[in-house]
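The values are calculated or read from the model by the stated rules, or taken from the named source; none is laboratory data. Since the model is a prediction, treat every value here as computed from it, not as a measurement. Methodologically, a virtual Cβ is constructed for each residue, glycine included, from the backbone with ideal geometry; neighbour enumeration extends over all protein chains shown. Just the protein is used for accessible areas: all its heavy atoms, side chains included, with ligands, DNA and RNA removed. Shrake-Rupley method; radii C 1.70, N 1.55, O 1.52, S 1.80 Å.
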Amino acid sequence: MLSIKNLHANVADKEILKGINLDVKAGEIHAVMGPNGSGKSTLANILAGRDGYTVTQGSVSYQGQDLLAMDPETRACAGVFLALQYPVEIPGVNNVYFLKAAYNAIRKHRGEEQVDAVKFLGLVKDKMKLVDIDTAFLNRAVNEGFSGGEKKRNEILQMLVLEPRLALLDETDSGLDIDALKVVAKGINALRSPERAMVLVTHYQRLLDYVVPDCVHVLAAGRIAKSGDKSLAAELEQRGYDWVTAGASA
Amino acid sequence: MNAVAETAPPYADSFAALQHTRAPDWLAELRRSAFARFTERGFPPERAEDWKYSNTRALQKLRFSPATTPPTNLGTEAIAAALLQHPQVQRLVFVDGVHVPALGSKHAAVPGLRITPLDTALREHRADLRELLLPEARWDNDPFTALNTAFLADGALIEAAGNVQVTAPVQLVFVSTPHTEACASHPRVMVTLGTNVKLTLVESYFGLDGAANFTNSCTQIALAANSRLDYFAVQREAQGDFHVSRVYVSQRERSRFASHVYNLGGEWVRNDLRVRLEDAGASVRMDGVYLADRSRHVDNHTRIDHLVAYTASDELYRGIIRDRGHAVFNGKVVVAEAAIKTDATQTNNNLLLTRNGEIDTKPELEIYADDVKCNHGATIGQLDEQALFYLRSRGLDLDTARELLTGAFARVVTDRIAAEPLRRFALEQLASALPQVAAEDGA
Ligand SMILES: Nc1ncnc2c1ncn2[C@@H]1O[C@H](COP(=O)(O)OP(=O)(O)OP(=O)(O)O)[C@@H](O)[C@H]1O
Ligand SMILES: [Mg+2]
């Protein structure tokens, strides 16, 4: 589904990604771990089409298409979803209005008919139960004044509503209390299916207790320094990154 | 509209015509002296500080005939988009400045509230009318106020005796319609609230396609102790319309004035809104939204005078400038020496979306008192890139994302309206100009 080959990218003329190779197949969940500043968000943002990054080498193919050539909205319509590490606050944009607009934009792209407010509300309320968000959040401005954990839950809600093919979750588990973590995991597992793939950027083993990944990668200094199965995450939790990164930066 | 010969004093013909209509002596005299003042002062000189960015040359060049009999075929459907829907709304409709009873609401009168069309009041020679007209000296020798007084003929008197909570909103609709000859109208609105009165007032200035008239409105508002007025003025005139408005407000103790002024239409617009906080505890919320798109010129001058101790003002104006639009904001806050413990906040935010657009913003604080809390800030910016990406990453195309954020920028002001159904109506009106504004909550 997703194939990243030798991806190099700069931010403000500084090379951050230094040759990433990663293959994610439909049905798989990959966890990406690694020290702060190693380029995890950079990778996720580039995949979602965020401005400010210059790809200098390499390619990314998504469902056989050149992902990097697509606009962010085209990627979203093609099923790519990024849960941001820092969800953006948008004063004046009503949360449910935004969600409905996004939902209908994606449906329109697929040639499906638009869903009206009433029907949409029914749909969204079901998903809200799953992530345990009060309906009062629907009529608030997008993320405005939301607590850290509420923002993360809102990202998961968006994901559940938009049902992406490829979900990239950038530290959606950071800053969550135990209950919220379970809720987020529940959301992720609810979406898990043979047609979908997910990439979870995380610092902690604890999310992976609830969401069992097929592969775990360590990103260090702009490269994938090590890959393994779920036991790698446990090992990292024990031993830290030094033993992995020592080899990577050489 | 025709160019006028340099020598003819502006509006002389119209004024001469008005002289032939029947009027009580005091009114004829009032008009004569006002017209003399207007002629003497003339239009504001280009050098005048307050008019630096709003050139009246185009306005001066145009010749407007006085409002004549309104088109009889105009139905409510034509102005439906301007109408506040409320089961008890008290509505008067004016077409090109002339009151048209047939278009008004037919709801039963509200106890304690008296709404009188000004032409009726003048015809009935209401004895106190003369006193109700605010002394013009307060108005800084403003030529447009003089012009409005010179042509005093129609408008509305809204009076609420003490101690009534009026739930029925009052709406005044001023419609500008297309004519072979452009016309000028000078509506005067006088609002007097007694003690402990609560009222909602909407002024809608609406233009039908093809209209190219001049509306020179003047609204005076007097709020007695502990009264509250929620005021929403929306200007959605046609592309060729000129609009000058003057709103003067005086507030007594603990009175509250919540003003929301939206400029979403017209070709050349100049508003002056002045509030005098005359007694302790008086407070004003002064909000505005202006949209300067196409070749539209919108100028908002506001002034708040904190005259005594313990008064408060909170002002937020937001403007969207695109295409070749030109917006001007000048917000003056004057804190008199006696006005200790004044609490004044003023914010002006502008979204400048095109290179050819222009915004001139100037906050002016004059503080003569110690021990006050005053803040002001003005910003000019573009759409937030992070927010744009966020919206696009969820599937919204770039244009839709831009429109949504532009609408949201204005909607933040609308969301400050506490009173329903006013907030909803304001949202609807906003959505007429900025379609991506979510007009309905949760939809
Ligand atoms: N706009 C920018 N300008 C300059 N440097 C940047 C910019 N964005 C990212 N960087 C740098 O790129 C590097 C990688 O950042 P990135 O956010 O991808 O790290 P991360 O692996 O997600 O870290 P964390 O675990 O802390 O979230 C960091 O050194 C960061 O400072
Ligand atoms: Mg990161």
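Beta bridges per DSSP, both residues in the protein assembly as shown: antiparallel share near 15 percent.
Shape class of region B:150-300 from the alpha-carbon gyration tensor: prolate, with a/c at 1.5 or above and a/b greater than b/c. The angle separating the long axis of helix A:230-239 from the principal Cα axis of greatest extent in chain A is about 60 degrees.
Mind putting together the pair-distance distribution for chain A? All Cα pairs, 10 Å bins, whole percent per bin, short to long. The percentages, shortest bin first, are 7, 31, 36, 21, 5, 0. Note on residue B:52: lysines with a C-alpha under 19 Å away, same-chain residues under 8 apart excluded, are B:61, B:332, B:362.
Shown is the FRET efficiency for residue B:49 and residue B:340, computed with R0 = 30 Å from the Cβ-Cβ distance and rounded to the nearest 0.05: 0.60. If you take the Cα centroid of region A:23-44 and the Cα centroid of region B:145-165, the two points sit 68 Å apart. Amide H to amide H, with H built 1.01 Å from N, residue B:378 comes under 5 Å of B:348, counting only residues 5 or more places away or on other chains. In order along region A:195-204, the Karplus-derived 3J(HN,Hα) couplings, from 6.51 cos²θ - 1.76 cosθ + 1.60 at θ = phi - 60°, round to 8, 10, 10, 9, 10, 9, 8, 8, 9, 10 Hz, and Gly and Pro are given as x.
For the pair residue A:110 and residue A:13, label points projected 7 Å from Cα toward Cβ lie 4.5 nm apart. Normalising the Debye intensity of region B:142-215 to I(0), with uniform scatterers on Cα atoms only, and taking log10 at q = 0.14, 0.24 Å⁻¹ returns -0.59, -1.09. Spacing of the modelled spin labels on residue B:161 and residue A:63, each 7 Å from Cα toward Cβ, amounts to 7.2 nm. Of the residues A:93, A:118, A:212, the one that moves most in a GNM of chain A with alpha-carbon contacts below 10 Å is A:118.
How big is the Rg/Rh ratio for region A:177-236, C-alpha atoms only, Rh by Kirkwood, two decimals? Rg divided by Rh gives 0.98. Beta-bridge orientation, chain A: approximately 60 percent antiparallel, per DSSP, counting only bridges with both partners inside. Shown is the FRET efficiency for residue A:129 and residue B:420, computed with R0 = 25 Å from the Cβ-Cβ distance and rounded to the nearest 0.05: 0.25. Once each part is reduced to its C-alpha centroid, what is the distance from region A:160-195 to region B:257-292 in angstrom? About 47 Å separates the Cα centre of region A:160-195 from the one of region B:257-292. Going from the chain on its own to the full set of protein chains, region A:86-120 has these residues losing 50 Å² or more of accessible surface (heavy atoms, 1.4 Å probe, no ligands, DNA or RNA): A:88, A:90, A:92, A:97, A:98.
In this simple spin-label model, placing a label point 7 Å from the Cα along the Cα-to-Cβ direction at both residue A:209 and residue B:385 gives a separation of 4.0 nm.
Please give the length that would be gained between residue B:356 and residue B:323 if that part of the chain were fully extended, namely 0.36 nm times their separation in residues minus their C-alpha to C-alpha distance (nm, one decimal). Can you show the working numbers first?
Details: separation 33, 0.36 × 33 = 11.88 nm, distance 0.62 nm.
Result: 11.3 nm gained on full extension.
Taking amide H positions as modeled 1.01 Å from N, with prolines and chain starts lacking one, the residues under 5 Å from residue B:184 and 5 or more places away or on another chain are B:65, B:67, B:214. Return the Rg/Rh value of region A:1-90, two decimal places, where both radii are evaluated on C-alpha atoms and Rh is the Kirkwood radius. Reported Rg/Rh, Kirkwood definition of Rh: 0.93.
Computed 3J(HN,Hα) for region B:46-54, one whole-Hz value per residue from the Karplus formula 6.51 cos²θ - 1.76 cosθ + 1.60 where θ = phi - 60°, is 4, 7, 4, 3, 6, 10, 3, 9, 10, glycine and proline marked x. Taking a straight Cα-Cα cut-off under 29 Å and skipping sequence neighbours fewer than 8 places away in the same chain, the lysines within cross-link reach of residue A:129 are A:100, A:108, A:119, A:151, A:152, A:182, A:186.
Share of region A:1-144's accessible area from carbon and sulfur, percent, 1.4 Å?
For region A:1-144, the apolar C and S fraction of the accessible surface comes to 47 percent.
In terms of Cα atoms, the Rg and Dmax of the protein assembly as shown work out to 30.7, 101 Å. At full extension, residue B:77 and residue B:180 could sit 34.8 nm farther apart than now, given 0.36 nm per residue minus the alpha carbon distance.
Contact residues in region B:353-399 (at least 30 Å² less accessible area with all protein chains than alone, 1.4 Å probe): B:386, B:389, B:390, B:391, B:392, B:393, B:394, B:395, B:396. Rounded to the nearest whole Hz, the Karplus-based 3J(HN,Hα) values (6.51 cos²θ - 1.76 cosθ + 1.60, θ = phi - 60°) of region A:34-41 follow the sequence x, x, 4, x, 7, x, 5, 5, with x at glycine and proline. The charge dipole of the protein assembly as shown, taken about its Cα centre with unit charges on the Cβ of Lys, Arg, Asp and Glu (plus for the first two, minus for the last two), comes to roughly 620 debye.
Using the heavy atoms of the protein chains and a 1.4 angstrom probe, tell me the accessible area per residue for region A:2-249 in square angstrom.
Per-residue value: 42 Å².
Charges were assigned to the Cβ only: +1 to each Lys and Arg, -1 to each Asp and Glu. The resulting dipole of region B:176-258 about its Cα centre is roughly 580 debye. A 1.4 Å probe run over the protein chains yields, for region B:387-443, 30 Å² of accessible area per residue, whole-number rounding.
I'm checking a number: the convex hull volume of the Cα atoms of region B:310-406, normalised per residue, in Å³. What is it?
Given the Cα convex hull of region B:310-406, per-residue volume reads 99 Å³.
Taking B:238, B:369, B:312 in turn, the Gaussian network model of chain B (Cα-Cα springs below 10 Å) assigns the largest fluctuation to B:369.
Compute the Cα gyration tensor for chain B, then decide on rounded, prolate or oblate, letting a ≥ b ≥ c be the square roots of its eigenvalues: rounded whenever a/c is under 1.5, prolate when a/b is larger than b/c in the other cases, and oblate in all that remain. The shape class here is rounded.
Under 19 Å of direct C-alpha separation, and excluding same-chain neighbours fewer than eight residues apart, residue A:230 reaches these aspartates and glutamates: A:23, A:28, A:170, A:171, A:173, A:209, A:214, A:242.
Based on the Cα gyration tensor of region B:387-443, what are the three equivalent ellipsoid semi-axes, each the root of five times an eigenvalue, rounded to whole Å and given largest first?
That gives 23, 10, 9 Å for the three semi-axes.
Residues whose amide H falls under 5 Å from that of residue B:244, counting only those 5 or more places apart or on a different chain, are B:215, B:216, B:217, B:270, with hydrogens built in the peptide plane.
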